[in-house]
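Asker: I'd like to ask some things about the structure below.
The numbers here are math on the coordinates, done by the rules we state, and not lab data. In this text the structure is predicted, and so the values were computed from the model without any measurement. We place every Cβ from the backbone using ideal geometry, glycine too, and count neighbours over all the protein chains shown.
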Amino acid sequence: MNDFAAHRDDWTAREELAERMIPLVGALKREHDVVTSLHGHRLLGLSATGLVEVHQRVAQLGHEQLALQDSLAVLEALRELAPGASSLDVARLVEGHAADERPLAEYLREVLAPAIGATPAAPTDVVLYGFGRIGRLLARILIAHTGGGSGLRLRAIVVRRGAENDLVKRASLLQRDSVHGKFAGSVTVDEDAEQIIANGTRIQVIYSDDPAGIDYTAYGIRDAIVVDNTGRWRDEAGLSQHLQSPGVARVLLTAPGKSPLKNIVHGINDDTIEAGDRILSAASCTTNAITPVLAAIDEAYGVVKGHVETVHSFTNDQNLIDNFHRGDRRGRSAVLNMVITETGAAKAVAKALPQLEGKLTGSSIRVPTPDVSLAVLHLTIARPATKEQVNDYLRRVSLHSKLRQQIDYVESPEVVSTDFVGSHRAGIVDGLATIADEDTLILYVWYDNEFGYSCQVIRVLEVMAGSHPVVLPARREVTLLG
C-alpha cells in the first residue's frame, strides 16, 4: 500500500469512529442533560470531521495525540453509566483512566459519583429585552441549549414594533446573519399568536416601549430573568423599571453597569453573585476578553501597571457614512475609517479584579470589520518572563484551569480576525505575537466581541439561575511551573 492510500485509510478510520460518537453525544444531552467536551471544546452539534478536528487541535496545543477510539470508549461507558445533569470533559476522563489500573467503568463510576443521580436544574424563564446583535445571538445559544425543559428557557423577546411585517422580519434576522451564518435549524412564525418558533421553542414576541408596563404572567412567564440588551439604562434606577412588571424576578444588563451595580466577568467574580442581587451587569465584551488573561498573568507574574489598546470592530452606534454623531469622531464613516475612541474596559477590569485598581489605562481604535476585535496588553510585570515561559503557562491555563472557558490559546503563522468568528471563549491569546523582555510583557488577545461575549452572558445567567451542572473532573489549578 502506498503512502497516499495508507493516509486515506487512516482518515477514513478516524472519520468512522467520529461518526459513531455523534449519536452518543446527542443521546447523553437529550436523555441525561450531560454536556460533553474535549478540554473545554463542546462536542454537541459537531460533525464527524469537526470531531476529528477538535482531537487534532488538542494535540497541536501540546498534548499527546488523543485517540478517537479512547474518546468513543468513554462515551459508550457514559451511556451505560447514565450519569445525571453534568458537564463532562471526555479528554480528561481518558487521561485519568490511562493513569488508573481499574477497568474503565469502575474508574468512571468513582470519578462521576457527584453526577450519579444528579437531577436537572429547575427551569428558569428568560426574557430578552431588545433583539439586536447580542439579543439574537443569546437567542441562538439558549435555543441550542434547550433540553428537556430544565435550566434556562427562552420565553419571550420584547421589542418596539418597527413595521407591519415586524414578526417576519425579526424571525428572518434570527435565521440569517451575515457574520455568524444561518441558524442551525428551523425558524417559523405564528402570526396569530405573535410567536417565533425556533427548533420547537415558542418565543413570545411582546411589543412594548415601557419596561415597567408588561404583565409577563399573562404569557405564563413567572420569576423570569430579563436580559436587557438595549443599553438604554445602565444604572439601578433605570433597570429597576423591569422589576415593576409582574413576572420578573431579576435583571441582567449586557453592558457595563454604573455603580453600585456588580459588573460580573464569569470565571473571575461570578462567585460574588448572591441570591439577593436583583440587578447585575455582565460588563463589556472587552472587559470579558482581557480580565481573565490579566488575572492569570497577575497570579503568575504580578501586574505592576499596563496599557490596553483595543482594535475593535465597528458597532451599530457608528455611522455608515459621514453624518452628525454626538460622540467625537464616531460620526465619520465606520466602513471607511479607523476611528480613535475611548474605552472604559481598562478601568472596568478593577471592578472584577480590585488588585488592579489604578494600574491600567486604555484606549480604542474602531476599524472597518463587522466582528472580532483584538486587545493589545502592554504590561510591566513584577517577575521576569520569557516568551516561551509565558506562552507555555497560558496554553496550560487554556486547557486545564478554572479559566479554560474564558481563555483560549493559538499558535499559527496565518491566523487573522475572521478565524475567531464564533469562538466560545472570552479571549484567545495569540502565542506567536507574544513579546517578553524581562519586566515587559506584550500580549495580543483576539475576541469575538459578539459571540464570545454572548457565551459569557449565558454563563452569568446560569449562575443567576443556579442551572450550571456539576463539572467533572474538577478543574485543577495551573501554576507557573506546571
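Asker: Ranked highest first by average number of other Cβ atoms within 10 Å, how do 74-84, 43-53, 326-336 line up? Present the calculation step by step, with values, prior to reporting the outcome.
Answerer: On the way: 74-84: 18.6, 43-53: 16.7, 326-336: 14.0.
Going from most to least packed, we get 74-84, 43-53, 326-336.
Asker: Let me ask something else. Is it possible to state the helix-based mean residue ellipticity at 222 nm for the chain, with each DSSP H run of 4+ residues giving -39500 (n - 2.57), the sum divided by total residues, to the nearest 500 deg cm²/dmol? What is it?
Answerer: Taken over the chain, the calculation gives -10000 deg cm²/dmol.
Asker: Are there chymotrypsin sites (Phe, Trp or Tyr not before Pro) in the stretch 215-289 that DSSP puts in a loop and that have at most 13 other Cβ atoms within 10 Å, and which ones? Walk me through the numbers before you get to the answer.
Answerer: Numbers: sites: TYR216, TYR219, TRP233; in loops: TRP233.
Filter output for the stretch 215-289: empty list.
Asker: Tell me the label-point distance for the pair LYS182, ASP437, using the 7 Å Cα-to-Cβ offset, in nm and rounded to one decimal.
Answerer: Label at LYS182, label at ASP437, 5.1 nm between them.
Asker: Please compute one quarter of the surface area of the Cα convex hull for the stretch 3-115 and express it in square nanometres.
Answerer: It is 7.2 nm².
Asker: When only alpha-carbon atoms are used, what values of Rg and Dmax, in angstrom, describe the stretch 286-448?
Answerer: Spelled out, the Cα radius of gyration and Dmax of the stretch 286-448 are 16.1, 49 Å.
Asker: Okay, next question. Arranged by the count of other C-beta atoms within 10 angstrom, fewest first, what order do HIS97, HIS242, HIS325, HIS312 take? Show your work: numbers first, answer last.
Answerer: Working: HIS97 20, HIS242 28, HIS325 13, HIS312 23.
Ascending number of Cβ neighbours within 10 Å: HIS325, HIS97, HIS312, HIS242.
Asker: Would you grab the residues whose amide H sits under 5 Å from the one on LYS305? Only those 5+ places off in sequence or on another chain, please, with H modelled 1.01 Å from N.
Answerer: Correct list: THR380.
Asker: Would you please give the residues with an amide H less than 5 Å from that of ALA156, counting only those at least 5 places away or on a separate chain, with H modeled from the backbone geometry?
Answerer: VAL126, LEU128, GLN204
Asker: Further question on the same structure: For the residues VAL227, VAL416, VAL457, what sequence is obtained by ranking on other C-beta atoms within 10 Å, fewest first?
Answerer: VAL416, VAL457, VAL227
Asker: Turning to a different aspect of this structure: Which percent, to the nearest 5, of DSSP beta bridges fully inside the stretch 124-255 are antiparallel? Before the final figure, lay out each step's value.
Answerer: Values: 8 of 27 bridges.
Percent antiparallel among DSSP bridges in the stretch 124-255 is about 30.
Asker: Starting from the Kirkwood Rh over alpha-carbon pairs, what translational D in µm² s⁻¹ does the chain have by Stokes-Einstein at 20 °C and 1.002 mPa s?
Answerer: 90
Asker: A follow-up question, please. Using C-alpha positions alone, give me the convex hull volume of the stretch 246-360 per residue in cubic angstrom.
Answerer: Cα-based convex hull of the stretch 246-360, divided per residue, equals 143 Å³.
Asker: Where both partners of a DSSP beta bridge lie in the chain, what percent of those bridges are antiparallel, to the nearest 5?
Answerer: 45
Asker: Something else now. Go ahead and run the numbers for FRET between ASP210 and ALA27, Cβ-Cβ distance against an R0 of 41 Å, rounding to 0.05.
Answerer: So the FRET efficiency works out to roughly 0.35.
Asker: I've got another one for you. Evaluate the charge dipole of the stretch 124-255 about its Cα centre and quote only its size in Debye, nearest 20, assuming +1 on the Cβ of each Lys and Arg and -1 on the Cβ of each Asp and Glu.
Answerer: The calculated dipole for the stretch 124-255 is roughly 520 debye.
Asker: Just to check I understand the Karplus step: with θ = phi - 60° and J = 6.51 cos²θ - 1.76 cosθ + 1.60, what whole-Hz values come out for the stretch 394-410, glycine and proline as x?
Answerer: For the stretch 394-410, the Karplus-derived couplings read 5, 4, 5, 4, 5, 9, 10, 7, 5, 9, 5, 6, 9, 10, 10, 9, 9 Hz, x marking Gly and Pro.
Asker: Next question. Express in % the proportion of alpha carbon pairs of the stretch 90-227 at distances exceeding 22 Å.
Answerer: Distances greater than 22 Å cover 49 percent of the Cα pairs.
Asker: While we're looking at this one, here's another question. Which lysines have a Cα less than 28 Å from the Cα of LYS169, not counting those fewer than 8 places away in the same chain?
Answerer: Once the sequence-local lysines are set aside, what remains near LYS169 is LYS182.
Asker: Distances longer than 18 Å among the Cα atoms of the stretch 74-130: what percent of all pairs is that?
Answerer: Of all Cα-Cα distances in the stretch 74-130, 41 percent exceed 18 Å.
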